[in-house]
Structures are given as structure tokens and as C-alpha cells.
Amino acid sequence: MSHPIIEAAAIDKFYQSYQALHGVSLTVAPGEFLALVGPSGCGKTSLLKILAGFEDPTSGDLMIEGKHMVGVPPSQRPTRMVFQKLALFPHKTVAENIGFPLKLAKVAHGEIDRRVREMLSLMHLKESYMNRLPAQLSGGEQQRVALARSMISKPSVLLLDEPLSALDAKLKKSLQAELKRLHRNLGTSFVHVTHDLEEAMMLADRICVMRAGHMLQVGTPEDIYYRPATTFVAGFIGETNLLPVMVAAHGGQGSKKWRFASPSIACADPVVDRTQSAPTVVDGDALMMLRPEMIHLLPEGTPDMPCAMTGIVDEYFVKGASIQYRVSVEGLAAPVILEVPGTLRRPADVGEPVRLGFRRLDAYLLPADPHAGVAA
Amino acid sequence: MKRLRKSWRDPALILAVAPAGLLMTAFFVVPLVMTALLSFQGTKYYRLVWTWNLDVWSDVFSQAHYWTIMGRTVWMSGLCVALCVILGLPIAYAMATRLKSLENHITILIVFAFLTDAVLKTFGWVLFLDRTGVFNGMLTLVGFPPGATDLLFGPGATMIGMVYNLLPYTIFTIYLSMVRIDRDLILAAYDAGASKTRTFFEVTLPLARPGIYAGAILVFVLSLGVFLEPKVMGGGTSPMAAELIRQSFETRVNWPLGAALTLVVIGIGMVSLGLAALVVRNRLQGQDLQGQGGQV
Amino acid sequence: MTKEIKTPNRLGPNPMIGQGLSRRDLLKSAGAVAALGAGLATGLVPARAKAASSLNFMCWEGYNGADIIVPFEKANDCTVSFDLIADSPGGFAKLAAGGYRDFDVVATDSPWVARMGPADLCDFIDQGEFQAEYDSFYDQFKAPFTPLEYEGKATGLPTRWGWVGPTVNTKFDKLETWSSYAPCFDPAYKDKICVLDWGDWPIMPMALYAGINPYKELDKAELEEIRKVLRALFKNTRAVVGDLSVAQKGLLDGSFRALIGGGTYCTSALRKDGHKEIMSIVPEPKNGLNQGIIWMEAAGLIKGSDNLDLAKKLVKRLVSPEVAVNLAWTEATCNLVPSKAAEDLFSAEQKDVLQMDYMWHAWDNSQFHDVAPNIDEMLEIWQQELAAAR
């Protein structure tokens, strides 16, 4: 990996006595698309403001492009921000908005005009919009103008503060694709704040999950989804089943043997290897995470899977591409959630007893303690 | 924002507007019409004579001294507007930004100054600005000769009084439009590479325009009618329109003349506002749309 | 005579049309309501307890003092309602426009009382009936007192008087300096003259200084002379002041060397406060023309009073020695009274404050103030010259 473009080390941020960030350390590689996700109040926006220079960390260090940034005003940083509410200047035309950073940089008038037109075409905006005011454009078009303004001066890092959050689903989808395309074409590093995990998974190279000022996990979308560090990460991202188990070391190389607390679940050879267990899992109580799509409904007459359980259908939801079932299994507090591919003939009805199975390979063990591995 | 689409024939609307309409008619339209009618009468020996002619109007348009005073009034009002805006801007800006924590205190102070009787304040200024007054006393303390300034009883003192009494209007209107500016717009300007000064001129000032215009219009209209300041602080030797009207009504007991001069001042005010509206409409175009779903 | 600002604290445009509804109006409408309602609800009567009779009194502030009115109301079992005059022509205009029906007694500037005669607004004073009052006056005011007469009949009785002349501070100027208005035009007094913005008051003395008697019909040339003298006056004028307290303050600290257009009216309150250095004098006659002006207030009966006897009693009370002292000695101003009988009621100090030892000298060297025939033109000239002053 080449030298990181952003290096944040042990950043604390206090607002009076309230601590918004607890020792956050983060690196972003050149050209990387990093998503910061977490529920509101988790500190992701504070972190973004510190990156942008609107605020300084209370303690800790921040380097961008190898230069110390603490105390450097936003105008002196190689970053540009796309604001949640876009913050287009209502009294300036589209061209004036987009060209504003260049005007401030004292770029020649003709050059500004050329680059504004270039940005317009890159953003698929009509040149006839140049003399319009932002209020005369649609929401999606304003979004593109905001992106164009932040990218015209070719920043090395683009900071995006949930700019898509207010759009309707369809427009959001198309702009997400647009963002991805832009990122690929420009090679700029993107730091994208969002509370929409699906968006983060679709767009980001790496995702950083935050909660209450702590960074819980940084990793690829696969890491975050399939190998979450904690039950919070697991639960924050999509629905999941967490089945209580007892674990114990088994053999070498970090393999673990488990035993279900509930007798209704049986497993042949209940062992997972090192890659199927969070490093924080210790012997004793643990949780087995199974994504709903990993649990299968076994029709009558089909053979059992290596791991199997029986239960009674509690409820089902037809979601279109899939059908979600909630099955109550004896000995488990919460119903087991599973998703089967959508089909014209629904495989089971409410109240029907069903057989469920999953592959041992799909299991992932998490510590039972939700705060395991998170410094207080 | 959606416009209310109500028919003017809606009985509920008519009923709702009726009290205000009646009040306006009784206390504004009727007196104005009476004033207009009065201007066609004559006066003889302190007595009103019902003549129905244009004598008063031909007097108004043939005598230079009325227009000297009207011209002075417009000039003083314009100057007062300029000073109030120039002084009000930094104060409002400071209130909306730097002094955010003291904002309430400052607001209360200004409101108090506002509510204090204008007569009292004006006389306070007389004591302050006089040759032997507090201001000269302070100057003496720092080494100036006694009576270093002679501001009282002149147009300068009138202007000080006018600006002092009318400044709160611009401070408040500008302040209100400044606090309405989305903080993100300021950050966006910083982010784009603007300094604080540049941001003020590129973003804050243009977006505070509605407040500046509103304050300017208020101050201008109120300036046209100032009475105490030229009379008490200005020493009465450079009278403005309100004093001219008072003299006509009261000293000369020439009601028709007073009525005609009143209409002249109203006319000047309306023409000025009309011109201002033309300018403002062109310049504000964009910002009218600001609130209307402009931002996603 | 127009005196816009009668007291130091009153400043601002004075409404021409009195102070709203008079109390009689109110009572009338209350009565009408009661009459209307009587058919529906018996016993609906005005809540106000009514005295046996009532009087409506149009007057300057000062004449309505409780010391003057309350004993009168008690002695005669009546109520007296006031309508305070903001300016005398306005008060007269109100009476002439039909308002006389609402009033019983008026106390205002004497020219306007005198004008009630020709305007047929007054009940003339029967000299026999008021003999005792005339007897109590100084000789100068005894019947027949021509300034208040119309066709040989008295329109009213004088109540208060004083003179118009330069008011000066003897700390800064010798009195002899002001034995003429000449310093008003002396470059040495540039920016040291205060002109009182009291309508015709400052114009008349300037006309007299220019050798013109402004109380006569004037021709164009004479009006031009008045224009010139006003123009010259404004060159030396520091301020045209409507407010007495501002004028007095300047006089005390020496920034005004003289107040022009005032006189006893602005002097006596200062003398009362111990500023004996402040004096109002009358300049010496110039080319045979008296330079001083005597102003006077008077009380008269208004035609068609419902209660003429009571109205006469009120007029008699207003000129009685007891009330005269009261009228002479008010909070804001001190003035002279025509009542010789009152003289003994003043202390030596009060007599000194009122410059009583000077009063007959002033009287002898003065004109009587009246409404000048060319007042419209003179006021217009005043307005024009003031507009061009700076």
C-alpha cells in the first residue's frame, strides 16, 4: 500500500464536557473510497468536520498528504466538502457556484469558464444551466452542481456528508452509480459519511463503523457483513441471527468447537476454524451469527444439512425477490430469521412445522459481550 | 411554500379582513382623502376659507424655499440611510457571529434604547454635545482645549441624532437576515478556499441584502419625518420637512398649505420607495427562491 | 398670540384640535344611551354622579390648577371640565367653528379674547357687575381697558401679563448693552443669539427694531424691511429653539447671550430658582417707536352659556387676588398679574423674581400685542428666511 493520504491518530474531540470522539485512528489510501457509517450521534460527522478543518481535534494528530493539519484552516487543505444540504450559494448562478473555488484561487476568467463547462459535461449537466440559479434546478441536478463545485479544483480528498440522504430512493440509486463512476474516473480519495449501510456497502472500498464516538471496525464490505467485530456491527448492518453457543478451543490454529445451548439444534462435527471466529471470542459463552440468507428451509423429503433444527413458522413476509420467514425454535428466545428465494408456491405457512438447515462454513462466532474489544 | 389560494369572494376571508380594513379606512384612507381635499382650500387671518382652488398648490410649486427644505430632507435621509447601513452592518454581523453568547444582552440593550422616550434621548444628546457638554469635557480631560468641538445646533448634530435614533432599525433587520443564513453556506465558502473577509463579501453580505434593503427603507421613510432631531439638536436653523409642515399647520395656521406639503412628502416617499423597489426586485430575484425547496 | 410651547416639557407637534371629546360631549352621549336604553331596562342611568351643574372651560394649562378650581367646585356644587389650549389661534378657530356652544368660559391670549367681540362669540362683561374686580386692578388695567374692548364693551378681564424683550444673563452682558436690539446684528454676537421659535413673538420685536410697527397694515416695502431684518438676525443666530429648557440652559452657561422673542415668560422661572442674573428688559424707544411688547392673557364669557351666573363667578374667581397669585406663580413660569390687590400677597422675594420694580418702566416703553393684520405674510417670510438660513 502506498503512503496513506489521510492519517488520523488517536483523535479525541470534546464539546465542552461531551466527548464526541474517543481516540479515533484512521488511514485512507490514495484513491480509496471510505465510508463512515454509524447511527446518528456516533461521531462520524464530527470526524468529517475535523478532516475538513471546520473543527480541530481536542487531542490527537491529523496528517493529510503527509502534512500536519491541526490548526490549518479549511481553505488551506487539499480537501473539499459536499454538504448534506449541499450549501449551494442561492445568490450565485450555477456557473458561479461551480467556478467559485477557482475564482478564489485567482484562476483566469477564461480558464474558469472552460473548466466549469468541463465539469458540467462530466456531471451530465446541460450548459444552458450555467446562468440559472440553484433554486431553478431539480434536487438531483443541484446534487450534481454541488459535486461539480467540490471537484472543480481537483482536491485530493473529497468529503461527502450524507449528500444523498434526502433524495428519494430512485434518484439515490442513480446518483450512487454516478458517485461510483466519478470515483473511478477521478482517482480522488472519497470519505463518505452515511447512515445507510447498503449505500456504504455498494460504494465503499472500506467501511468504518462508528458508535458513540468509538471506531468499532474498519474493513471491506465483506468483512463488515460477514465478519463483524461485534454484535453491534452485525446488528447494525442488515438483519441477522445470533444463536447462543458455548465454545471451547479445539485443536490448534485457533479452531473452536461449539455446543448449542438449545437442544433443538443439532450439528455434526461442530467446529469452526480461525477465520470463522472474531478474535475477541473467548472460551465459554459466545454467539453464532448466521445471516438470514444462510439458513435454508428444507422441504419434505430432502436430506438434512450438517446443521439442522426444527421449528414452527411464526410469520412470513413476501419481499419480492425473497420470502422472509420467522421461525420459532424451542430453546431460543428470538425467532430464527431466514430468507428463501422468492417463488410462486410458498414453501410453508404460518403454524406449519418446518425443518431448517445451514452449512457449518457459514457460521461466524462473535463474543457474547457486546462491548468486547471496545475501549471504554 | 404553497400559496394560499383563496378567493376574494370567500366570506370567511372578507370577515377576517374586515376589522383591519375598516381600521385602515377610518384611520388612514379617510384622513388622507381629507388632507387632499384640504389642500384645495385657502386661509385668511388664521381662518380656513373653503375656496376650492389651486392657489396653495401653485404656491407650493412656485416657492423655492419649500423645495430647499424638501431637498435637504431627502439628502439628509439618504445620508442617514447610508450611515445606518454602514454602522449597522458590522454591529449586526458581530451579533450574529462573534458575540453570539452576548446576543441576548445586546438585544435587550438595544430594545431599551429603542423604548426610551425619544425626547429624553434627544435632550441627553444636547447635554452631551454642547460646547460645555460631556463630550467636550471628556476631550478636555485628554488634553484638548475647552470647547474643542461645536457640534450642537447644526446639521451634523441633526445627523448624529437621526442615526442614533434610527440605527436600531438597520441593526435588527440586518441581524435577522444574517442569522437566517445557513451556517453551511459560510463553511462551504471557507471550504472552497475563501478567507473570512472574502466570505463576508461573497456570501454573508449578498444574503443579508433583504435585511439591508428592509432596514434602509424603514430608515428612509422614518428619516423623511424626523422632527425632534433637526429642531432640538440641529438648532432649528436647518429645518426639515416635518418642521416645515408643523410651521405651516401650527405657526402659520395655514392648514391647506400644511396639507399640500404633507402630500408632497408622501409623494417623495412613495417615488423613492418605487425606485428602490425596482432596484431591489432586480437584485433580490434569486433570493426570493431561496426558501422555496431550493435546497435538497 | 401663538405660544406653541407653553411648558418646558411639552415638545412636539401640538394637535390643533383640542384634546379629544370634552366631558360634556361624553355626558351627552351617556345621556343619549341612557335614554335609548330606558325603554328596555329601567334604571340604566349614567354611572357618573352628576353635580348640580357643570361648566366647560377652555384655557391654557395653569388655569386648571386644583388650587384654583377645586375650591370653586366645592363652593358652587358644580363640576368644571377643561379643554386645554395648545395654541391660541387654534383655540379660537375651534370656538369660531361652532365649538362655542360647548364652552362657558375661556382664558387665552388677550388678542383672541378681544376678537371674540367682532366674531360674536362672547357675552360682554358688564362693567357694573365687575366693578369690584376692576377696582382691585392697577390703574393701567381699570375700565375702560381699551385693549380688550370692542365697540366700547369689554370682551374679557385681563388675568396675566408680561413683556417681550431680550432675556439676558448679566453675568456675561451689561443690561445697557441690550437697551437696543442692535447686538442681534453685531458680528461680535455671531452664533450667540437664541431665537425662540414661538410663532410671531420673535418677528414683532425685529419689525419694531427695523422701525416698523407690525400691528398696522403693512405695505410691500415694509414687509421687505422685515425680511431683511430677519435675514440679518438669522446670520447671528445659533439656534431657533422651541423648547424653553434648552433656551434657558444655553442662557445660563453663556452659550446664548440673549433669548429673542421671549421675555418675562422665560425669565421668571430661572429667577425663582435663584438665578437673579437672568433678566428680561425692554429696549429703549427707537426713533419714537416703543421697542417693547406687552402680552396679556384674559378671561371671557362665551356666548350662550347654559349657566351664565356660574360662568361669571368663575371669571371673577380667576381675577381674584388669591387666584392671581396662583396664576403668577406656576411651576414652569412666573408672570405678572393685573391685580393690585394681589401685590400685598407677594413676598419681597417673589416681587424681585417677577421684576416688579421694573414692570411699569416696561409697560411705558411697549406696544400692546395684538394679531397683526399682515401676520400671514410675516410668517411666510419667516419660513422662507429660515429655510435659506443655512
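The values are calculated or read from the model by the stated rules, or taken from the named source; none is laboratory data. Computed from a predicted model, the values in this text were never measured in an experiment. Note that we place each Cβ from the backbone using ideal geometry, even for glycine, and neighbour counts take in every protein chain shown.
Observations on the structure shown:
- Only listed residue being over 30 Å from C:Ala119 (Cβ atoms) and out of contact with any Cys (no Cβ under 7 Å at 6 or more places or on another chain), chosen from B:Ser62, B:Ser39: B:Ser62
- Residue count, the stretch A:279-289 (criterion: touching a Leu at 6+ places or on another chain (Cβ under 7 Å) and modelled with pLDDT of 85 or more): 4
- From B:Ala20, B:Ala64, B:Ala12, residue being within 14 Å of chain C (Cβ to nearest Cβ), without any contact (Cβ under 8 Å) to a residue 24 or more places away in the chain and exposed (fewer than 15 other Cβ atoms within 10 Å of the Cβ): B:Ala64
- In the stretch A:147-160, the qualifying residues are those that are crowded, with 19+ Cβ neighbours inside 10 Å and at the interface with chain B (Cβ under 9 Å from one of its Cβ atoms), and the one that is farthest from A:Ser189 (Cα to Cα) is A:Arg149.
- Selection status of B:Leu32, more than 30 Å from B:Gly215 (Cβ to Cβ) and either of a type outside the set (Val, Ile, Thr) or at pLDDT 90 or above (or both): no
Every residue, every condition in (1) buried (at least 20 other Cβ atoms within 10 Å of the Cβ); (2) within 28 Å of B:Asp150 (Cα to Cα); (3) among the β-branched types (Val, Ile, Thr); (4) within 14 Å of chain C (Cβ to nearest Cβ), yes or no:
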position: B:Gly42; (1), (2), (3), (4): no, no, no, yes
position: B:Trp50; (1), (2), (3), (4): no, no, no, yes
position: B:Trp57; (1), (2), (3), (4): no, no, no, no
position: B:Thr122; (1), (2), (3), (4): yes, yes, yes, yes
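- Flag set for C:Asp309, criterion: free of Cβ contacts under 8 Å to residues at least 60 places away in the same chain and not assigned by TED's automatic domain parsing to the domain that holds C:Gly199.
- Residue within the stretch B:184-200 that is assigned to a loop (DSSP other than H, G, I, E, B) and within 14 Å of chain C (Cβ to nearest Cβ) present: no
- Qualifying residue in the stretch A:255-267 (condition: without any contact (Cβ under 8 Å) to a residue 24 or more places away in the chain, closer than 22 Å to A:Thr230 by Cα and assigned to a loop (DSSP other than H, G, I, E, B)): yes
- Candidate set from the stretch A:56-83 (those that are at pLDDT 90 or above and in contact with a Ser or Thr (Cβ under 7 Å, 6 or more places away or on another chain)); member that is farthest from the other protein chains (Cβ to nearest Cβ): A:Glu65
- Every test in (1) crowded, with 17+ Cβ neighbours inside 10 Å; (2) within 13 Å of the chain's Cα centre (by Cα); (3) closer than 22 Å to A:Pro4 by Cβ is passed by A:His214 save one, and that test is (2).
- Only one entry in A:His109, A:His124 is over 34 Å from the mean Cα position of the chain (by Cα) and either under 23 Å from A:Leu164 (Cα atoms) or away from chain B (no Cβ under 11 Å) (or both), namely A:His109.
- All positions within the stretch C:210-228 that are surrounded by fewer than 22 Cβ atoms within 10 Å (Cβ to Cβ) and not in a loop (DSSP other than H, G, I, E, B): C:Lys220, C:Ala221, C:Glu222, C:Leu223, C:Glu224, C:Glu225, C:Arg227, C:Lys228
- Of the residues contained in the stretch C:296-308, one or more are found to be within 24 Å of C:Asp104 (Cβ to Cβ), modelled with pLDDT of 90 or more and in a helix (DSSP H, G or I).
- Of the helices (runs of 4 or more DSSP H) lying entirely inside the stretch B:1-103, those containing at least 1 residues that are within 27 Å of C:Asp87 (Cα to Cα) are B:30-38, B:55-62, B:64-96.
Conditions (1) out of contact with any strand residue (DSSP E or B) (no Cβ under 8 Å at 6 or more places or on another chain); (2) buried (at least 19 other Cβ atoms within 10 Å of the Cβ); (3) of a type in the set (Val, Ile, Thr), marked per residue:
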residue: C:Ile281; (1), (2), (3): no, yes, yes
residue: C:Ile293; (1), (2), (3): no, yes, yes
residue: C:Ala298; (1), (2), (3): no, yes, no
residue: C:Leu314; (1), (2), (3): no, yes, no
residue: C:Val319; (1), (2), (3): no, yes, yes
residue: C:Asn335; (1), (2), (3): no, yes, no
residue: C:Lys340; (1), (2), (3): no, no, no
residue: C:Glu343; (1), (2), (3): yes, no, no
residue: C:His369; (1), (2), (3): no, yes, no
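- Qualifying residues in the stretch B:225-271 (those that are β-branched (Val, Ile, Thr) and more than 9 Å from chain C (Cβ to nearest Cβ)) - the one surrounded by the most Cβ atoms within 10 Å (Cβ to Cβ): B:Val226
- Positions within the stretch C:371-390 being closer than 20 Å to B:Glu243 by Cβ, of a type in the set (Gly, Ala, Ser) and either surrounded by 21 or more Cβ atoms within 10 Å (Cβ to Cβ) or touching a strand residue (DSSP E or B) at 6+ places or on another chain (Cβ under 8 Å) (or both), in sequence order: C:Ala387, C:Ala389
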